[in-house]
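The values are calculated or read from the model by the stated rules, or taken from the named source; none is laboratory data. What you see is a predicted model, and the numbers here were worked out from it, not measured in a lab. Note that each Cβ is placed from the backbone with ideal geometry, even for glycine, and that neighbours are counted across all protein chains shown.
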There are 2 protein chains.
Amino acid sequence: MQEKARASAVVFRPHVKTHKTIEGARLQHGGNFGPITVSTLAEAEFFAGGGFRDITYAVPIAPEKLDRAAALASRIDRLNLLIDSEMALRAMEQRGYPFEVFLKIDCGYHRAGVSPDSPDSLALARAMMRSPTIRFHGILTHAGHSYHARNTDDVRRIAAEEAGCLTRFRALDEELGFLVRSAGSTPTASVVERFTEVDEVRPGNYIFYDAFQTAIGSCRAEDVAVSVLATVIGSYPERRCAIIDAGALALSKDLGPDHIDPDVSFGIVCDLDLEPLPVRLTSLSQEHGKLEGIAHLPVGTKVRIIPNHSCLTAAMFDRYHVIENNECVAEWKPTRGW
Amino acid sequence: MQEKARASAVVFRPHVKTHKTIEGARLQHGGNFGPITVSTLAEAEFFAGGGFRDITYAVPIAPEKLDRAAALASRIDRLNLLIDSEMALRAMEQRGYPFEVFLKIDCGYHRAGVSPDSPDSLALARAMMRSPTIRFHGILTHAGHSYHARNTDDVRRIAAEEAGCLTRFRALDEELGFLVRSAGSTPTASVVERFTEVDEVRPGNYIFYDAFQTAIGSCRAEDVAVSVLATVIGSYPERRCAIIDAGALALSKDLGPDHIDPDVSFGIVCDLDLEPLPVRLTSLSQEHGKLEGIAHLPVGTKVRIIPNHSCLTAAMFDRYHVIENNECVAEWKPTRGW
């Protein structure tokens, strides 16, 4: 992904919320402390403490967190914040700190962001340009709706919209021409050959991928780099089921790509070599996972679960065991919380 | 719940996995260090360190954890473990420690446990009685299927099955007559007037309750004791929606009682006085929650979310703010992990 960004001459600012580790973020930058994207202020503080000096907090900031953000911004090179309303702009101006700010644009996901086609959005952008306090750095979007895609053709179409909406917005007023265009989701960043119509990309999940990304075509099954080791603690061949010691608190209850397979289960159950087993992880309670299928798995059997959504699953653990050639070569400690 | 157990002359052994705090467990025992139930060995160690000396680890134990369990058992009064297979019994005998053991019986949930009606189950119980190594302490069941109930009549029927199956099993052989009968889920423990046909009860969720328990009739809405404070960080009245800074990592993605309401959302959105607001929490991504509905909630508005499943939601946080008369009077720190 780093190589694709370099070849496309765009800034590479991976989202580190998927792994939340210093080691992972450095790996994404070939060992260096490059620009990163985070999802909480606690992450921003953790990565700043670990040596990262150019950070985008890519969730609209709650007004009460502006003091904390200002304190952090003053001790690194750049903390980019996100807004999508006049009210948030006013809160920042009232705080008085010269924050670097992105305007969030909604390219079709309809979560956060202003419409790229609304006169109100242009008015907000102009107010940001004229602001005596903040520095209007760029426009940013995230094609989260690429997760609703059914195949790579869908994702390619969404990738074009994602990039195009920023260029279109910037063209509304020639004074907006200086703004950085920042885009990126793992599905869209994975399927394009090169990045066009953007100045910066922010994929995150690609560091691990997962069962969901495999299902929509972002990666091959063998590209998934994270799994949860679990032990069979109950075996009931007469009911064709077994219980593992990984439940909702180990795996998260993310339903996975149920828009593609309504019968999708809570992760892909594999043997230790990551070969899928003929069982389905049909339900999760707090500390139990229920396997159903024809494999006979006696008590004590080890299995590896490829998670539906690696970001949510990884966040459940206080460490990663980094495996190379079947040896644990390192432990990585993630941050958590807000 | 403690009072109901006392009036029924049964041992009260609340499940502390819901809150995972020393303070909560002491509150459940009126300030004392009574018997408790835990869901992980890490919890058992945490509560033992906090002064609890009679602990049931109510998940079938993975064979590789027997050394850790023996180390813990040797430093408290009683660590009860759970098995439901010959293989687990053999692993314990091989370990050689005189573990206190419960046989898990399946009263209809079909997760873990042996069938109360199978000759194999009786053979396993007899093998446990004859074991030269372990101490066969009791039989234990959990009516997890009470969560599939639609109303209190359903729950009452399941409560009768839960208690009855233990008595029935014990009657299969007069030598089993000494075994403790341990049962309990929050729905079944909440709806019965008194506990019958059991010697010990283990409800857990009742300390907080949640939106799910309210929906199936375990409690009233005003009984729910835990909520997540969140801030509106994006407001889009033209789309009738808003974004809060509590997503899947704050609330968990538990779907809630979708067997009662297929349109159930990810929690009940309330104002600061816990009055429900006319909005639904329709989707969660990692750090965003999306509200849809008619309430206009400007950026900065505080809301409180009553979780679908308080056990999973509470586990996402590193502390509780204990509120009394609108004042934070204490912070409780839970344990986590395995």
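Residues checked against (1) assigned to a helix (DSSP H, G or I); (2) outside the structural domain of A:Thr37 (by TED's automatic domain parsing); (3) under 13 Å from A:Pro187 (Cβ atoms):
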position	(1), (2), (3)
A:Ser121	yes, no, no
A:Leu124	yes, no, no
A:Met128	yes, no, no
A:Ile139	no, no, no
A:Arg150	no, no, yes
A:Asp154	yes, no, yes
A:Ala159	yes, no, yes
Residue identified as in contact with a strand residue (DSSP E or B) (Cβ under 9 Å, 6 or more places away or on another chain), exposed (fewer than 13 other Cβ atoms within 10 Å of the Cβ) and within 25 Å of B:Arg111 (Cα to Cα) among A:Pro262, A:Pro298: A:Pro298
Residues located in the stretch B:68-82, provided they are within 14 Å of chain A (Cβ to nearest Cβ) and touching a Phe, Trp or Tyr at 6+ places or on another chain (Cβ under 8 Å): B:Ala69, B:Leu81, B:Leu82
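Going by what's in this entry, would A:Gly289 be described as within 11 Å of chain B (Cβ to nearest Cβ), small (Gly, Ala, Ser) and under 18 Å from B:Ser39 (Cβ atoms)? Can you show your working first?
On the way: within 11 Å of chain B (Cβ to nearest Cβ): yes; small (Gly, Ala, Ser): yes; under 18 Å from B:Ser39 (Cβ atoms): yes.
Here the answer is yes, as A:Gly289 does meet what is asked.
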Of all residues making up the stretch B:226-252, the number that are away from chain A (no Cβ under 14 Å) and either in contact with a His (Cβ under 7 Å, 6 or more places away or on another chain) or closer than 30 Å to B:Gly138 by Cβ (or both): 0
Residues within the stretch A:53-92 that are within 18 Å of the chain's Cα centre (by Cα), surrounded by 20 or more Cβ atoms within 10 Å (Cβ to Cβ) and not aliphatic (A, V, I, L, M), tallied: 4
Contacts under 6 angstrom Cβ, first residue in the stretch A:207-234 being at positive phi, partner assigned to a loop (DSSP other than H, G, I, E, B) and polar (S, T, N, Q), 6 or more apart: A:Gly217/A:Asn151
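Any residue that is within 13 Å of another protein chain (Cβ to nearest Cβ) and of a type in the set (Lys, Arg) - is there at least one of those in the stretch A:109-117?
Going through the stretch A:109-117, the residues within 13 Å of another protein chain (Cβ to nearest Cβ) turn out to be A:109-115, A:117.
Next cut, of a type in the set (Lys, Arg) only: A:111.
Checked against the condition, which is being within 13 Å of another protein chain (Cβ to nearest Cβ) and of a type in the set (Lys, Arg), the stretch A:109-117 yields at least one hit.
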Test: residue in the stretch A:44-67 that is closer than 29 Å to A:Tyr320 by Cα, more than 9 Å from every other protein chain (Cβ to nearest Cβ), assigned to a helix (DSSP H, G or I) and of a type in the set (Lys, Arg): no
Residue that is over 20 Å from the mean Cα position of the chain (by Cα), under 25 Å from A:Leu312 (Cα atoms), in the same structural domain as A:Ala163 (by TED's automatic domain parsing) and of a type outside the set (S, T, N, Q), where the choices are A:Gly34, A:Gly49, A:Gly108: A:Gly49
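Does any residue of the stretch A:161-171 turn out to be in contact (Cβ under 8 Å) with a residue 60 or more places away in the chain, surrounded by fewer than 24 Cβ atoms within 10 Å (Cβ to Cβ) and assigned to a loop (DSSP other than H, G, I, E, B)?
Quick first cut of the stretch A:161-171, residues in contact (Cβ under 8 Å) with a residue 60 or more places away in the chain only: A:165-166, A:169.
Add one more test, that the residue is surrounded by fewer than 24 Cβ atoms within 10 Å (Cβ to Cβ), and what stays is none.
No, every residue in the stretch A:161-171 fails to be in contact (Cβ under 8 Å) with a residue 60 or more places away in the chain, surrounded by fewer than 24 Cβ atoms within 10 Å (Cβ to Cβ) and assigned to a loop (DSSP other than H, G, I, E, B).
I'm checking my understanding of the structure. Among residues of the stretch B:254-272 that are at pLDDT 95 or above and in a loop (DSSP other than H, G, I, E, B), which one is nearest to B:Ala295 (Cα to Cα)? Working first, answer last.
Quick first cut of the stretch B:254-272, residues at pLDDT 95 or above only: B:266-272.
Remaining after also requiring in a loop (DSSP other than H, G, I, E, B): B:266-267, B:271-272.
On the way: B:Phe266: 17, B:Gly267: 16, B:Asp271: 11, B:Leu272: 14 Å.
Among residues in the stretch B:254-272 that are at pLDDT 95 or above and in a loop (DSSP other than H, G, I, E, B), the one nearest to B:Ala295 (Cα to Cα) is B:Asp271.
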Residues that are touching a helix residue (DSSP H, G or I) at 6+ places or on another chain (Cβ under 6 Å) and closer than 15 Å to B:Asp173 by Cα, drawn from the stretch B:104-121: B:Pro116
Any hit, the stretch A:303-313, residues being exposed (fewer than 14 other Cβ atoms within 10 Å of the Cβ), within 30 Å of A:Val38 (Cβ to Cβ) and not assigned by TED's automatic domain parsing to the domain that holds A:Thr21: no
Checklist (1) touching a Gly at 6+ places or on another chain (Cβ under 6 Å); (2) surrounded by fewer than 17 Cβ atoms within 10 Å (Cβ to Cβ); (3) not hydrophobic (A, V, I, L, M, F, W, C) applied to A:His15, failing item: (2)
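One residue is enough: does the stretch B:225-240 have a residue meeting the conditions hydrophobic (A, V, I, L, M, F, W, C), part of a strand (DSSP E or B) and over 27 Å from A:Asn308 (Cβ atoms)?
Of the stretch B:225-240, the ones hydrophobic (A, V, I, L, M, F, W, C) are B:225-226, B:228-230, B:232-233.
When the remaining residues are screened for being part of a strand (DSSP E or B), the result is B:228-230, B:232-233.
With the extra rule that they be over 27 Å from A:Asn308 (Cβ atoms), the set shrinks to B:229, B:232.
Among the residues of the stretch B:225-240, at least one is hydrophobic (A, V, I, L, M, F, W, C), part of a strand (DSSP E or B) and over 27 Å from A:Asn308 (Cβ atoms), which makes the answer yes.
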Set A:Thr141, A:Thr152: member being modelled with pLDDT of 95 or more and either away from every other protein chain (no Cβ under 13 Å) or crowded, with 16+ Cβ neighbours inside 10 Å (or both): A:Thr141
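Would you call A:Ser85 more than 11 Å from chain B (Cβ to nearest Cβ) and not basic (Lys, Arg)?
On the way: more than 11 Å from chain B (Cβ to nearest Cβ): no; not basic (Lys, Arg): yes.
Here the answer is no, as A:Ser85 does not meet what is asked.
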Output for the stretch A:177-190, where each listed residue is surrounded by fewer than 24 Cβ atoms within 10 Å (Cβ to Cβ) and at pLDDT below 95: A:Gly177, A:Phe178
Long-range neighbours under 6 Å by Cβ, at least six apart or interchain, first residue assigned by TED's automatic domain parsing to the domain that holds A:Phe136 and assigned to a loop (DSSP other than H, G, I, E, B) within the stretch A:87-100, second buried (at least 18 other Cβ atoms within 10 Å of the Cβ) and at pLDDT 95 or above: A:Phe99/A:Leu81; A:Phe99/A:Met92; A:Phe99/A:Ile134
When residues of the stretch A:292-338 are limited to those that are basic (Lys, Arg) and part of a strand (DSSP E or B), the one farthest from the other protein chains (Cβ to nearest Cβ): A:Arg304
Residue in the stretch B:116-123 that is without any contact (Cβ under 8 Å) to a residue 24 or more places away in the chain and within 22 Å of the chain's Cα centre (by Cα) present: no
Subset of the stretch B:273-291 (residues that are in a strand (DSSP E or B) and among the hydrophobic types (A, V, I, L, M, F, W, C)): B:Val279, B:Leu281, B:Leu284, B:Leu291
